[in-house]
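The structure appears below as structure tokens.
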Amino acid sequence: MANHETHEFDVVVIGAGGAGLRAAIEASAQGVTVGLVCKSLLGKAHTVMAEGGVAAALANVDAKDGWQTHFCDTMKGGKMLNNWRMAQLHAQEAPDRVRELEHWGAVFDRTKEGKILQRAFGGHTYKRLCHVGDRTGLEMIRTLQDKGVHQGIKVFMECAVTRLLKDGDRIAGAFGYFREDGRYVLFKAKAVVLATGGVGKSFPITSNSWEYTGDGHALAYDAGADLIDMEFVQFHPTGMVHPPGVRGLLVTEGVRGEGGILRNSKQERFMWKYLPEASRKDFAESEEEATKWVDAALAGEPTDARRPPELSTRDNVARAIYTEVKEGRGSPHGGVFLDISYQDPERVKKKLPSMYHQFKDLADVDITAGPMEVGPTMHYIMGGIRVEAETEESRVPGLFAAGECSGGMHGANRLGGNSLSDLIVFGRRAGLGAAEYAKNLGTAPQVSEEEVKEAEAEMEEPFSRPEGKNPYDIAKRLNEIMSDYVGIFRTEADMQTGINKLQELKKQLPNVGIKGTHAYNPGWHLCRDLKNMFICSEAIARSALSRTESRGAHSRLDYPNTEEEKWGKLNTSVFKKDGEMTLEHTPTLTMPDDLKEFFLVKKEPAHA
Ligand SMILES: Cc1cc2nc3c(=O)[nH]c(=O)nc-3n(C[C@H](O)[C@H](O)[C@H](O)COP(=O)(O)OP(=O)(O)OC[C@H]3O[C@@H](n4cnc5c(N)ncnc54)[C@H](O)[C@@H]3O)c2cc1C
């Protein structure tokens with residue numbers, strides 16, 4: 001064990017986005033020692049990119065809002081596959097977590113009365129998203145980071161964890177390397193919280209950053225946890241489609257929340273065509289009614305008008321755009337038009353400053369003068385590590401997970417704004433759960449020297465093959481397979497082909513090689529990341545193949561209907577058994593009757 005440095009903590013948190021920071025703050029507040037590890041620089045986590053806002057039923061703008069409506073919206077958005085207890089805790093606790101952020105120094109946009117301002121978002125009955133222009137994630141990260149640093153949490157930056165270590169069944173620590181110089185590091189820990197975010201880099205067009213190679217999902221899977229509902233991959237309807245270098249970059253739903261209109265190449269406002277029958281009554285019937293809603297929203301006044309069709313759920317809008325383009329009514333660069341230019345330019349710049357600069361600087365488009373071109377981009381994974389709702393502990397003792405790498409909270413589809421709130425609600429709970437677990441542990445777990453040597457050898461291996469397969473070629477091929485066979489619309493034949501191709505490609509993994517040194521060598525890092533990308537891609541493809549229905553973000557051309565009887569109460573679960581990926585369907589948790597009653601209450605019309 002001579003080749004690495006060693007650190008010892010009660011709790012190690014892997015990931016310093018919203019979930020990891022909130023977990024570390026909470027664990028540290030419980031009086032245990034905490035180490036916080038992140039692959040990039042502190043403050044650079046993916047959370048910083050979040051634009052639209054954080055959902056919490058504060059009822060500052062729509063007095064009728066409450067946790068019950070937020071709970072129902074979340075469950076309906078998730079097509080009732082969500083872990084109901086997580087959805088309940090989330091809806092109940094999000095307001096306090098947002099107020100806590102404000103108390104810690106976050107400066108939200110304000111109503112005239114000085115309360116936190118809330119905006120509309122798809123699938124939310126009321127205006128619920130607390131926001132800071134379109135830079136909400138930046139404010140959240142800044143606030144949590146300041147709080148964490150002042151609390152004295154020890155941070156390990158540009159440090160990637162490659163393996164979780166166990167003592168028998170329970171967690172004993174984690175092994176990794178520093179990207180800066182490749183030196184190895186061992187963290188001994190009583191409990192580990194995974195907060196590593198999502199899996200976007202399995203797909204070629206994604207809003208996700210380079211960090212999203214599904215590390216936490218794969219680390220947990222290898223350590224014996226199960227991943228649930230991995231078939232549910234959210235394609236955000238609006239990513240940039242041009243120029244090629246920024247294809248996939250997110251165009252926040254805030255644009256539609258502020259009244260952005262979607263049109264095809266024939267200038268048709270097509271979203272009305274795609275509203276599901278079950279929710280059609282919740283949307284404006286005509287251009288006039290939609291305009292009345294937007295006017296009231298801009299003036300901050302109540303209205304009986306219903307929201308515009310552009311505020312349908314993400315899965316629905318993504319499929320609508322995909323269909324318009326496929327049927328030949330797309331924009332010049334293969335998207336559709338999103339227009340906010342009919343509004344006062346100064347207001348657009350104030351409410352959507354990042355969007356204004358993003359389009360101006362990257363595409364030379366002035367969104368206050370003309371429409372943007374947008375198309376679907378892989379954005380979020382609902383599936384993740386199965387955790388227990390109260391503590392976020394996985395089925396591996398001492399292993400906790402929160403944020404995008406965990407599963408259950410969002411069911412078959414996530415509503416916009418519900419991720420940032422998920423991070424602070426369940427980040428806090430995971431930190432609390434891990435601290436309690438660490439305090440109650442009798443004897444400290446032991447790390448096996450053999451396992452550490454193995455972890456080190458695994459990392460060194462690619463250097464022994466300087467003429468080996470290029471990891472970038474393998475990643476590119478994996479991306480193509482996922483896009484071609486496991487994309488927005490799926491069929492059995494495609495997915496089976498996709499799985500076979502993934503299996504074939506995976507055989508190349510032992511042949512990947514790398515030249516150069518250990519210092520900032522992204523090719524070397526990718527050699528390890530590829531293993532995670534394969535686990536996540538295979539989990540997505542196998543889970544998607546097994547669900548023979550369409551539900552939420554999972555759209556099957558060969559099974560277009562939602563099969564309530566057969567699939568309505570089943571989660572998909574994959575786990576490692578005898579070295580192989582094994583799949584099971586497990587019953588969803590039964591919702592208590594008092595919560596079921598909320599769904600029977602007749603919905604009030606939305607107010608602006
Ligand atoms: C452009 C964009 C806009 C969005 N807007 C919104 C929005 O308005 N509202 C909303 O609710 N949601 C939004 N989302 C989704 C939301 O931002 C993410 O789901 C959320 O930030 C994920 O937070 P997290 O804490 O789980 O992970 P992250 O913030 O991604 O943090 C992951 C952390 O894990 C670290 N990490 C990863 N792997 C390793 C490893 N192997 N070793 C060590 N560290 C590791 C990373 O370095 C990072 O620190 C948006 C997403 C995108 C891409």
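For the chain, a Kirkwood hydrodynamic radius built from all Cα pairs, placed in the Stokes-Einstein relation at 37 °C and 0.692 mPa s, yields a translational diffusion coefficient of 135 µm²/s.
Over the chain, Cα pairs under 8 Å with separation of 6+ residues give a relative contact order of 22 percent. From the backbone phi of the range 507-519, what are the Karplus-calculated ³J(HN,Hα) couplings (6.51 cos²θ - 1.76 cosθ + 1.60, θ = phi - 60°) in whole Hz, Gly and Pro given as x? Per-residue couplings from phi come out as 4, 7, 3, x, 9, 5, x, 8, 9, x, 10, 7, 7 Hz. Only protein atoms count toward the accessible area here, which uses a 1.4 Å probe; on the range 398-503, the carbon and sulfur part of that area reaches 46 percent. Sequence-ordered 3J(HN,Hα) estimates for the range 390-395 from the Karplus curve with 6.51, -1.76 and 1.60 and θ = phi - 60° stand at 6, 10, 6, 7, 7, 7 Hz, glycine and proline given as x. Students often get this wrong: which residues of the range 127-143 have the backbone nitrogen under 18 Å from the point 7 angstrom along Cα-to-C-beta of Lys349? Of the residues in the range 127-143, 133-135 have backbone N under 18 Å from the label point off Lys349. With all protein chains in place and a 1.4 Å probe, the accessible surface of the range 247-305 carries 52 percent carbon and sulfur. Relative to one another, the C-alpha centroids of the range 181-210 and the range 375-391 are positioned 15 Å apart.
Per-residue extension of 0.36 nm, minus the Cα-Cα distance of Glu388 and Ala63, leaves a gain of 113.8 nm for this segment. With R₀ set to 22 Å, the beta-carbon distance separating Ala278 from Arg329 gives a calculated FRET efficiency near 0.30. Summary of the geometry: the range 23-39 and the range 434-510, compared by the centres of their Cα atoms, lie 27 Å apart. Ranking of Trp272, Trp293 by solvent-accessible surface, largest first: Trp272, Trp293 (1.4 Å probe, protein heavy atoms only, all chains present). Site pair Asp181 and Arg99 shows an inter-label distance of 4.9 nm when each label is modelled 7 Å from Cα along Cα→Cβ. Less than 16 Å apart at the alpha-carbon level, and either on another chain or at least 8 residues along: which lysines does that give for Lys566? Excluding near neighbours in sequence, the set is Lys79. In this structure, Ser209 and Lys439 have a Cβ-Cβ separation that, at R0 = 35 Å, corresponds to a calculated FRET efficiency of about 0.50.
Each other residue within a Cβ distance under 12 Å of Asn521 adds +1 if Lys or Arg and -1 if Asp or Glu, for a net charge of +1. Solvent-accessible surface of the chain, taken per residue with a 1.4 Å probe and all protein chains present: 37 Å².
Note on the chain: antiparallel DSSP beta bridges, both residues inside, total approximately 65 percent of the bridges counted. For the range 1-124, the spherically averaged projection of the C-alpha convex hull amounts to 10.6 nm². Full extension of the segment from Thr590 to Asp222, taken as 0.36 nm per residue of separation minus the current Cα-Cα distance, would add 129.6 nm. In whole Å, what is the distance between the alpha-carbon centres of the range 297-338 and the range 237-252? Result: 16 Å between the Cα centres. Helix-only arithmetic for the chain: the sum of -39500 (n - 2.57) across DSSP H runs with n ≥ 4, divided by the residue total, places the mean residue ellipticity at 222 nm at -11000 deg cm²/dmol. Between Arg110 and Gln92, full extension at 0.36 nm per residue minus the direct alpha carbon distance yields a gain of 4.3 nm.
The values are calculated or read from the model by the stated rules, or taken from the named source; none is laboratory data. Because the structure is predicted, anything quoted here is derived from the model rather than measured. Here the Cβ is made from the backbone with ideal geometry for all residues, glycine too, and neighbour counts use every protein chain on show. In case anyone asks, the SASA skips ligands and DNA or RNA and just uses the protein heavy atoms, side chains included. Shrake-Rupley method; radii C 1.70, N 1.55, O 1.52, S 1.80 Å.
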